[in-house]
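Structure record follows, encoded as structure tokens.
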Amino acid sequence: MTNQEIVSILNFIATALEFQGENPFKIKAYQKAARSIEALTTDVASLVERGELRQIEGIGEAIEKKITELVKTGRLEYYEKLKASIPEGLFELLKIPHLGPKKLKILHEKLGITTLGELEYACHENRLLELPGFGKKTQQAILEGIQFVKSTWDQFRLGEALPAALELKKLLKDQAPVTQISLTGGIRRWKEVIKDIDLIASSSEPEKVLEIFIQLPQISQILSREPGRCVARLANGIPIDLNLVSEEIYPYFLFYSTGSKDFLKAVQDLVSKKGLILNDRGLFKEGRKLTCQSEEEVFWHLGLPYIPPELRENTGELVAAGEGRLPSLIEEKDIRGLLHVHTHWSDGTASIKEMAKAAQEYGYEYIGISDHSKAAFYAHGLDEERLLKQWEEIDRVNRGLQGIRILKGIEVDILADGTLDLEEALLAQLDFVIASIHSRFKMNRNEMTQRILKAMENPYVTILGHPTGRLILSREPYQVDMEALLEGARKNGVAMELNAHPHRLDLHWLHLKMAMEKGVKISINPDAHQVEGLRDMVYGIGTARRGWVPKEAVLNTLPWEEFKKKLKNTR
DNA sequence: GCCGTTTTCGGCCCGACTGTTTTCAGTCG
């Protein structure tokens, strides 16, 4: 029983109790216990073993007993009974925006709804209008929510897919007779959302590789199998498409399967102008095959330098490559410091020291602490008094740690009128300020743009945090004039954040490209709420590369000595 | 259901917004 499995069972219990109309604080207790376990770095099973479960915040007598039963027997009677009392899949409907447990309960009891399709039908029949607490607008909102869920249900965030994909790739490399193996398709291009994991390998014993593949514990269902190919589904629902090819075909297949469609289409135009034929089996000239050992050689035959997968979207990379002006893209090792890190002073789970030590272990030179400001109540945002106290702790930890510098920062809320949530006199004393929006998302485009522009004019703002507020596959970005924001950022010397959290990846890569054209600086930030969150930087780097971002355009690639000067000299 | 006591019961981060009501419930962040 993994920690994650325990977390999802506790969360299910919380949702089920909420659905049944239980005491809200009991529900919160389960949610809190789940959050605590999620933040753990140790195995729950070992804590059970040592009888140390109760030491975790939010776990008392009752939940301790339940977790112990889960760990020791692999099941939990209380959970199974609860689960049996609720129709299978009903809670999937909670993914619909504006539909919570209370309304779902009414829909289920009064209309007998258990599936998305039934709910959609009921909306079309206007049957929600007669229910208590429902009206025309609610029904319309639910209908729109259903469309949204339908459009995203078979899509997955890169943050879920990539770790699973890398693990499978490693297992096959170690255990199966493959010579070359690579991720391909959208995941190789670091697309923020993908429909499946594409994996290719070369082998002289393809059927043996497939046999090993289908036996892997991560594979929960075989969707199709044919010679040299298997499509399966992982336990977390993500489809995986494994193709086995010969050594000879591998480079062409890799090139072709990486895509994107638009890129390949543009490549075909180029190929036919040169009198060549290219497909996933080879590159041909006058019926003769041009031998390529690698993808680089395929590009060479096309008269082009290697184009990194992240750029293959047909947004000008072919022309740029032809003219020898592809950007030199940022790499993971270029990042020297981390900004935008939360601690338990607001809604993070780790201490300042824990975050700093982890950052040091990863090789960073500086880390900027930026907890929420007071307007973010739900996150225990800092008021003036607590902020001052936090500075004392930062000073103390800084004195005790060698080799990493901890900076004083804040993620200050941009209020509805564009002013910031803390006094300027206080902001002036910070090393850096990230200004972000966490409320009033539904302003119209003009109002929202003015609000953010005003915030950026504040002389103490260093970075605009998650500039569009999108949550991938769950919340649309707020309406904003990005051209105007980038212009404002340039004028005021404010860096735009590329929030690396896999739920955000905000700025969008197309906006990053716009920022590069305008000469706006970027700060790639982890927005970490726990130690593991620091690792999310890889998603930021991948997205930055998609946006044509070179090292030079990124604020936190500066080594400490230079970064320090920048902080003093920006204004 | 957890926690912290003025130790065995009362409080538990809460405000904005929306749509439904006609004073509030549900949802969201």
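The values are calculated or read from the model by the stated rules, or taken from the named source; none is laboratory data. None of these values were measured; they are calculated from a predicted model. As a convention, Cβ positions derive from the backbone with ideal geometry for all residues, glycine included, and neighbour counts pool all protein chains shown. The area values use the complete protein model at the heavy-atom level, side chains included, leaving out ligands, DNA and RNA. Shrake-Rupley method; radii C 1.70, N 1.55, O 1.52, S 1.80 Å.
Could you list all residues from the stretch A:415-448 that are in contact (Cβ under 8 Å) with a residue 24 or more places away in the chain, of a type outside the set (Lys, Arg), surrounded by fewer than 20 Cβ atoms within 10 Å (Cβ to Cβ) and in a helix (DSSP H, G or I)?
A:Glu424, A:Leu426, A:Asn446
Among the numbered criteria (1) under 30 Å from A:Asp198 (Cα atoms); (2) within 15 Å of DNA strand B (Cβ to nearest atom), which single criterion is violated by A:Ala122?
All conditions are met except number (1).
If the Cβ limit is 6 Å and pairs must be 6+ apart or interchain, which residue in the stretch A:22-45 that is in the same structural domain as A:Ser8 (by TED's automatic domain parsing) and assigned to a loop (DSSP other than H, G, I, E, B) pairs with which residue that is hydroxyl-bearing (Ser, Thr, Tyr) and within 14 Å of DNA strand B (Cβ to nearest atom)?
The qualifying pairs are A:Ala39/A:Thr349.
Name the single residue, out of those in the stretch A:58-115 being polar (S, T, N, Q) and outside any loop (DSSP other than H, G, I, E, B), that is farthest from DNA strand B (Cβ to nearest atom). Let's see the steps before the verdict.
Going through the stretch A:58-115, the residues polar (S, T, N, Q) turn out to be A:68, A:73, A:85, A:114-115.
Among the residues that remain, those that are also outside any loop (DSSP other than H, G, I, E, B) are: A:68, A:73.
Numbers: A:Thr68: 11, A:Thr73: 18 Å.
Applying the filter and picking the extreme gives A:Thr73.
As an exercise: evaluate A:Glu22 against (1) in contact with a helix residue (DSSP H, G or I) (Cβ under 8 Å, 6 or more places away or on another chain); (2) within 13 Å of DNA strand B (Cβ to nearest atom) and give the number of the one condition it does not meet.
(1)
Only one of A:Lys357, A:Lys285 is more than 23 Å from the chain's Cα centre (by Cα), open to solvent by 30 Å² or more (accessible area, probe 1.4 Å) and modelled with pLDDT under 95; which? Even if it seems obvious, please write down each step before you answer.
Details: A:Lys357 fails: modelled with pLDDT under 95.
After ruling out the rest, the residue left standing is A:Lys285.
Counting only residues that are assigned to a helix (DSSP H, G or I) and either closer than 16 Å to A:Ile335 by Cβ or among the aromatic types (Phe, Trp, Tyr) (or both), how many does the stretch A:482-540 have?
Qualifying residue count for the region: 10.
Can you list residue pairs whose Cβ atoms sit under 6 Å apart, with the first residue in the stretch A:524-553 being among the hydroxyl-bearing types (Ser, Thr, Tyr) and the second being assigned to a helix (DSSP H, G or I)? Count only pairs 6 or more apart in sequence or on different chains.
Pairs found: A:Thr543/A:Trp509.
Would you mind listing the strands (runs of 3 or more DSSP E) fully within the stretch A:230-302 where at least 1 residues are assigned by TED's automatic domain parsing to the domain that holds A:Gly186 and either closer than 22 Å to A:Arg312 by Cβ or touching a strand residue (DSSP E or B) at 6+ places or on another chain (Cβ under 7 Å) (or both)?
A:239-245
Can we say A:Lys374 is in contact with a Gly (Cβ under 6 Å, 6 or more places away or on another chain), of a type in the set (D, E, K, R), more than 15 Å from A:Leu407 (Cβ to Cβ) and assigned by TED's automatic domain parsing to the domain that holds A:Trp509?
So A:Lys374 passes the test.
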